[in-house]
Amino acid sequence: MPQQEHLSLKEQVALLPLSPGVYQFLDASGKIIYVGKAKSLRKRVSSYFVQNKDHSAKVRVMVRHIVEIRHIVVGSETDALLLENSLIKTLQPRYNILLKDDKTYPWIVVRNEPFPRVQSTRRLVRDGSRYFGPYGSVGMQHSVLEFIRESVPLRTCGLNLTRASIAKGKYSPCLQYHLGNCKAPCIGVQSEEEYARFLDMAVSVLKGDLRPVRAYLEAEMQRAASELKFEVAQRYKSRLDALENYRSRSVIVSARIVDVDVFSLLVDDDTAYCNFVRIRNGSVVGVYTVRLSCGVESDEAEMLTLGIQHAVENVAGELSREVIVPFLPSAAMLFDGVTFTVPKRGEKLELLEFSLKSAKIYRAEQLKNLEIKNPERHTERLMNAMQKELHLDRQPRHIECFDNSNLQGTNPVASCVVFRDGRPSRKEYRHFNVKTVVGADDFASMREIVYRRYRRLLDEGAELPDLIVVDGGKGQLSSAYSVLCELGIEKQVPIVGLAKRIEEIYYPHDPMPYYLIRTGEPLKVICHLRDEAHRFGITFHRQKRSNAFIHSELETIKGVGEKSIAALLKRFRSVARLRNASLADIAEVVGPAKAAAIVAALSNGKKPENEV
């Protein structure tokens, strides 16, 4: 292809044909940074350089690095898609959707050897062995292996069994033979034909079909019982019980859904997770998740296509005739003989939800690993996600959340909890006694505590938060925002209100709620923030109510004054604990005479209705 380095980008775009094909963007070092496909090369490529077009930040950054454009003309859109996929896998351009499958999943392998063993592995070697899986967790894999070893007599030793070594009598039977878990092919007791029959049973289990094993165990149990070998019969019965236990622990789908494959896609800001679930004979026999790095064209249908292609080439081999997906992939025509189903209800939708849940679990594991291995990077990523999701002008490193608490207008209190870098900073939590509000007026209470909090911070020259969160709808938000305006900091500190539905938040001057992404991390931080504000506020409120009850109960006892009540409150915390305390324990605090009067009064008095 002719070099175009001496031409401007505008001239290079003008020379592109209107035919379908694949284009490549190169940077100053000559490295390919993006590969794309197009129905019309000139129209598609020119769209990147339209000044007033609303491009994403990634596209704008990429365009600034483009110095050369290359292209390949093909005969159709399908050919362009296939070529694009091949080039992306080979070149791994920075700004494309890229696979990041850095997790090695557990498999079960049936070794290609005489008297094959059934074992656990994480390495796939092309040596003729058969592999089953992958399994979503080591626990699931061990559960399958444990059942096979309990039910089917196969060898687990590492002996190199050949006809010559067996004929020479080199080996002797091990403990597994005496326990009945192996038929001792090492000494010629079991033929290769009989061993192959047992191995076929194990393979049936790995494929999700338990019927051959059940039939074998039932037949052996009946035979042993008819020969009056009741201990042997009991052994087979135990294995049948193990089969039923394994079946109950397996993920059984439905007798009506036999063989299907399921794909789901979970998209974060710059990463996506494509999960694959394989169903055979109504059972889940494999779960697999691949991580993708979103490129400048983060089209979900294309990411789903890439995830399916990766599963076909590296895990699934051949897809089932029916594939359940959340939406149609961008190139369904690539998968011959496959029908894609987008379920709306019923068992197929439940399968799709199971797949999505598996993707969420995988994502949580990845994020937890990142938090442990690289906490600074994890915090930076979380803060960027919150800034974008909440439409803030800076990262919300310092967040404060307010909540009111009262019981029918009594003992009104409020709480302020502080989060630093998305985590609680409990030493900075603050309680507030509402002083100027009478009765249950949440709006006035919110106004008072917000004013007191930020008036004090301003007077002390302390740091203001990056975000204020008010637990309440538009009313509480309006009250708090008016205080910020009164203090002159409404432009310095953004503020939002949380509605009753946790994913809804309100902004000042906007009557409509904004919905947070339900699967995103920002929502988890907001939920944690609200929960902490509730917990901290309710704990303080209960303490105040308990103090009030103690005062109301003890003030009526002759000879018990404020000092005695304060001492009892410090020691026993509540009337209930005081009532259950012994005379000697109370006497240690207020003396024998007052203790006797208190015990008599509490034992004769009626228990308060709302005592805590």
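Things worth noting here:
- Test for ARG321: is it in contact with a Ser or Thr (Cβ under 7 Å, 6 or more places away or on another chain), closer than 27 Å to VAL203 by Cβ, of a type in the set (Lys, Arg) and at pLDDT 80 or above: yes
- Identity of the residue in the range 584-612, more than 20 Å from LYS563 (Cβ to Cβ) and either among the hydrophobic types (A, V, I, L, M, F, W, C) or modelled with pLDDT of 75 or more (or both), that ends up surrounded by the fewest Cβ atoms within 10 Å (Cβ to Cβ): ALA584
- Every test in (1) within 23 Å of LEU390 (Cα to Cα); (2) assigned to a strand (DSSP E or B) is passed by HIS431 save one, and that test is (1).
- Here is the figure for the range 112-133: residues that are closer than 18 Å to CYS182 by Cα and either of a type in the set (Asp, Glu) or at pLDDT below 75 (or both) total 1.
- Count of the range 358-385 residues which are of a type in the set (S, T, N, Q), out of contact with any Gly (no Cβ under 7 Å at 6 or more places or on another chain) and closer than 20 Å to VAL290 by Cα: 2
For (1) over 14 Å from CYS416 (Cα atoms); (2) at pLDDT 85 or above; (3) among the β-branched types (Val, Ile, Thr), each residue gets a yes or a no:
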residue	(1), (2), (3)
VAL437	yes, no, yes
GLU463	yes, yes, no
LYS474	yes, no, no
VAL496	yes, yes, yes
ARG501	yes, no, no
TYR506	yes, yes, no
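- Whenever a residue of the range 471-486 is of a type in the set (Val, Ile, Thr), it has no partner that is assigned to a loop (DSSP other than H, G, I, E, B) and modelled with pLDDT under 90 lying with C-beta atoms less than 6 angstrom away and at least six residues away or across chains.
- Residue that is surrounded by 12 or more Cβ atoms within 10 Å (Cβ to Cβ), assigned by TED's automatic domain parsing to the domain that holds CYS274 and within 20 Å of ALA272 (Cα to Cα), where the choices are PHE335, PHE340, PHE354, PHE327: PHE354
- Test: LEU154 is closer than 30 Å to ARG211 by Cβ and modelled with pLDDT under 85: no
- Test: residue in the range 457-472 that is in contact with a Phe, Trp or Tyr (Cβ under 8 Å, 6 or more places away or on another chain) and farther than 30 Å from ARG518 by Cβ: yes
Conditions (1) within 19 Å of TYR506 (Cα to Cα); (2) outside the structural domain of PHE536 (by TED's automatic domain parsing); (3) surrounded by 13 or more Cβ atoms within 10 Å (Cβ to Cβ), marked per residue:
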position: ASN374; (1), (2), (3): no, yes, no
position: ASP393; (1), (2), (3): yes, no, no
position: SER415; (1), (2), (3): no, no, yes
position: ARG426; (1), (2), (3): no, no, no
position: LYS435; (1), (2), (3): no, no, no
position: MET446; (1), (2), (3): yes, no, yes
position: ARG452; (1), (2), (3): no, no, yes
position: ASP459; (1), (2), (3): no, no, no
position: ASP466; (1), (2), (3): yes, no, yes
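- Some residue of the range 372-387 being modelled with pLDDT under 80 and closer than 22 Å to VAL138 by Cα: yes
- Under the condition of being surrounded by fewer than 17 Cβ atoms within 10 Å (Cβ to Cβ) and not in a helix (DSSP H, G or I), the residues counted in the range 18-54 number 14.
The values are calculated or read from the model by the stated rules, or taken from the named source; none is laboratory data. Just so you know, these numbers come straight off a predicted model, no measurement behind them. Glycine also receives a Cβ, built like all others from the backbone with ideal geometry; neighbour counts cover every protein chain displayed.
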